[in-house]
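The values are calculated or read from the model by the stated rules, or taken from the named source; none is laboratory data. This is a predicted model, so every value here is computed, not measured. Ideal geometry is used to build each Cβ from the backbone, glycine not excepted, and the neighbour counts take in all protein chains shown.
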Amino acid sequence: MNLKTLRELKGLSRKELADITGVSFRSIQDYEQGHKDLSSAKAETILKMAKSLDCTMEDLISERDLSSLKPSELGTHVSKADVEKMDFSDAKSSGKTEGADIGSGAGSGASRVSEISEVKSSVGFVFKSTDLCPYTLMHKDDKVAELVFEPASGSLVSIQEVHAETLLPIGTNGNHELLKGWWHRRAVPVTQGNMRKLLELLGFLTPQAYLLRNLGLSLTDSYWLRPSGEELSWGEVNLFLNDFDDVVGAGLFAGLGSELELRDADFRFPSASTKGNVPKSWICVEGRRYLVKGVEKGNTQQAFNEAVGAYIHRRQNKFEFVDYEFYNIDYGHGRQLGVSAEAFTSENLEFVSAEELIRANKRFHRGASDYDLFVDACAEGGIDRDMVQSFLDYQILSDFVITNTDRSYENFGVLRDADTLEFVKMAPIFDSGNSMFYDLNMSHGTLELNNIPVDSFAENEAGLIKLVKDPSILDLDKLLTNDELSQVLASSNRTPEEIRVLVKIYERKKDMLFKLKRGDVNWLRGV
């Protein structure tokens, strides 16, 4: 997991790291997911990645989870050049700069704990805070734990007391480092849209500092932070009932400039905890919450892929899905095409990702496959095992037919009752944007379809297909026709020739599933 932490610390995507190092995207994906052991890789491979990430080879293969460390501690895991650039000084500060209140996250009643160092961001913005700040981790109006944060970096420094172990986030009980890791992962990726630039403009050193200023709020669950001494209640702060204007989320789509002035804004909106790399913004419409998703670098096919996935799920009518609709975005810098969808969570329903469930169960069932860990966790939580397997069968097959390669563990999971904490059902199927070779040049006209790498339970699509118990769960007669797919893609930024190739691949994928349904698995052999 350290490869992912150090990569994100540098603000690099997997593709960017692959381009820099010459190590394949698939290999990086396998190392991050645990499909391959990085410590077993060639020394040359580890050295290339260490140089690109400005860390030591030991940091990459260490069993210590670096995601639980604060930035000042992570400074010991990056190169001398980067340490000098971040300038984590030992000198005690005696006051606050103009930007201190932005990153502090401290409420007016937050009590002094101890003095911390002056910190300089990568763009030279100096943060000063005289205090470490205590907060109470809350779940709705229930106290969960007493925590201490470093405001400038947003890092969780220590856990002072746990009030209710049963209310701790899944997989974080029994070891304080696990809760620190959970907090680190809760923050928006710095690679999302214009997030890096936004953080610089706002004076936040890290996404975690922005999340702390947001009181840790999310539209995923009911966890939040109450500053020590404050009398805030869940009813006053929760994003499910209180309207908000997510100006930072909107900024992910905007052409950013010096006109962005948000220092006096109320930072209680969900962009600080929204996952994924494409630009995303939440909006409130008549009491409902809608997620607006853009595309990466103007690649409009991602938006059309979401619509294609929704069309297929609607026709199949097997499992709940997120019904994406096209949405024109205009935040003052020109119209952009995206999609929107209503939130499937609420103040009564929380989303628990497969990532959380698998991570938690790996502690107790070493050696079990991620697939079995997830199915077992769902069954133990009260969801029928056969139903879970049917859901996964359907999700794998519907992803396969449109070549959705990004079914990461954050992109599916379960919904649980926010009051009883019991699992209710599988979460709706969502996120099909990274499908149909959206990021590849299609001019070569041919692709190897048996060995396409995926971000999921297996290294490639063929490995996923081998996990399917019931190939008939996907009704091949209710898929989009070739003509229908062509019509949808015709409005994207693909050329007619590229669309022709994509449709041809789609037709071949349907034929492969038809063979699978008949029991013909010859095409799976050798992979």
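Only one of these conditions is not met by residue 459: (1) modelled with pLDDT under 90; (2) within 25 Å of residue 294 (Cβ to Cβ); (3) in contact with a His (Cβ under 9 Å, 6 or more places away or on another chain). Which number is it?
The number of the failed condition is (2).
How about the stretch 30-48: which of its residues are within 22 Å of residue 188 (Cα to Cα) and out of contact with any helix residue (DSSP H, G or I) (no Cβ under 6 Å at 6 or more places or on another chain)?
33 - this is the single residue of the stretch 30-48 that is within 22 Å of residue 188 (Cα to Cα) and out of contact with any helix residue (DSSP H, G or I) (no Cβ under 6 Å at 6 or more places or on another chain).
So is residue 323 charged (D, E, K, R) and touching a residue at least 24 places away in the same chain (Cβ under 8 Å) or not?
No; evaluated as a whole, the condition is false for this residue.
Applying the selection to the stretch 401-456, what residues are at pLDDT below 85 and either assigned to a loop (DSSP other than H, G, I, E, B) or of a type outside the set (Ser, Thr, Tyr) (or both)?
Result: 439, 440, 441, 442, 444, 445, 446, 447, 448, 449, 450, 451.
How do the helices (runs of 4 or more DSSP H) wholly within the stretch 186-283 filter down when requiring 3 or more residues that are at pLDDT 85 or above, touching a helix residue (DSSP H, G or I) at 6+ places or on another chain (Cβ under 8 Å) and farther than 25 Å from residue 300 by Cβ: which remain?
Correct list: 207-213.
For residues that are on the phi < 0 side of the Ramachandran plot and outside any helix (DSSP H, G or I), scanning just the stretch 503-524, find the one that is farthest from the chain's Cα centre (by Cα).
If we take residues in the stretch 503-524 being on the phi < 0 side of the Ramachandran plot and outside any helix (DSSP H, G or I), then 520 is farthest from the chain's Cα centre (by Cα).
Quick test for you: out of 325, 422, 380, 350, pick the one residue that is farther than 27 Å from residue 141 by Cβ and touching a strand residue (DSSP E or B) at 6+ places or on another chain (Cβ under 7 Å).
Unique residue meeting the criteria: 325.
Are there any pairs with C-beta distances below 6 angstrom linking a residue in the stretch 46-59 that is over 18 Å from residue 27 (Cα atoms) to a residue that is assigned to a helix (DSSP H, G or I) and among the acidic types (Asp, Glu), with the two at least 6 apart or on different chains, and if so which?
54/82
For residues that are under 28 Å from residue 419 (Cα atoms) and in contact (Cβ under 8 Å) with a residue 60 or more places away in the chain, tally how many sit in the stretch 236-259.
Summing the residues that are under 28 Å from residue 419 (Cα atoms) and in contact (Cβ under 8 Å) with a residue 60 or more places away in the chain in the stretch 236-259 gives 3.
Is there a residue in the stretch 494-502 that is surrounded by 14 or more Cβ atoms within 10 Å (Cβ to Cβ) and among the polar types (S, T, N, Q)?
no
Which is of a type in the set (Ser, Thr, Tyr) and within 20 Å of the chain's Cα centre (by Cα), of 172, 136, 166?
Being of a type in the set (Ser, Thr, Tyr) and within 20 Å of the chain's Cα centre (by Cα) holds for just one of 172, 136, 166, which is 172.
Would you check if there is a residue in the stretch 482-502 being in contact (Cβ under 8 Å) with a residue 24 or more places away in the chain, out of contact with any helix residue (DSSP H, G or I) (no Cβ under 9 Å at 6 or more places or on another chain) and part of a helix (DSSP H, G or I)?
Looking through the stretch 482-502, none of the residues is in contact (Cβ under 8 Å) with a residue 24 or more places away in the chain, out of contact with any helix residue (DSSP H, G or I) (no Cβ under 9 Å at 6 or more places or on another chain) and part of a helix (DSSP H, G or I).
Identify, please: which residue in the stretch 53-75 is in a helix (DSSP H, G or I) and under 22 Å from residue 408 (Cβ atoms) and is, among those, modelled with the highest pLDDT?
53
I want to confirm something. Restricting to the stretch 349-368 and keeping residues that are over 23 Å from residue 406 (Cβ atoms) and small (Gly, Ala, Ser), which single residue is surrounded by the most Cβ atoms within 10 Å (Cβ to Cβ)?
Once the filter is applied, the top-ranked residue is 368.
Please work out which residue is surrounded by the fewest Cβ atoms within 10 Å (Cβ to Cβ), limiting yourself to the stretch 16-48 and to residues that are among the hydroxyl-bearing types (Ser, Thr, Tyr) and under 19 Å from residue 440 (Cβ atoms).
24
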